[in-house]
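Data block below; observations after.
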Amino acid sequence: MSEINFAEIHYVPEAASKQAPIELMLLTTRQTAEALNVSERTVFNLIDSGKLFSVKIGDLRRIPLEDVKQLARTGAEIPKQ
């Protein structure tokens with residue numbers, strides 16, 4: 001898995017491509033797993049245990065980027081894959 005540079009994560013809608021990029025605020029479980037270098041199952045376990053906050057949008061689960069950054073910064077113990 002490649003590392004995700006949080007500073008470079010941006011979402012640019014096609015209509016707004018000539019404007020300043022909008023920072024991506026919510027990550028998918030897969031993006032979160034890649035950012036933390038863990039499996040997607042571990043991300044779900046972190047969510048289920050209350051160590052990582054997520055929101056459901058319909059059937060989709062999204063994790064706030066700031067929460068992923070905080071988890072990475074705090075050095076919280078993340079189970080190995």
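The values are calculated or read from the model by the stated rules, or taken from the named source; none is laboratory data. The shown structure was predicted, so the numbers you read here are calculated from the model rather than taken from an experiment. Cβ atoms come from the backbone with ideal geometry, glycine included; neighbour counts cover every protein chain shown.
Suppose the filter is in contact with a Ser or Thr (Cβ under 8 Å, 6 or more places away or on another chain) and either loosely packed, with under 12 Cβ neighbours inside 10 Å or modelled with pLDDT of 90 or more (or both); does Ile78 pass it? Criteria not met by Ile78. For residues in the stretch 7-53 being modelled with pLDDT of 60 or more and of a type in the set (Phe, Trp, Tyr), which is farthest from the chain's Cα centre (by Cα)? Filtering first and then ranking leaves Phe44.
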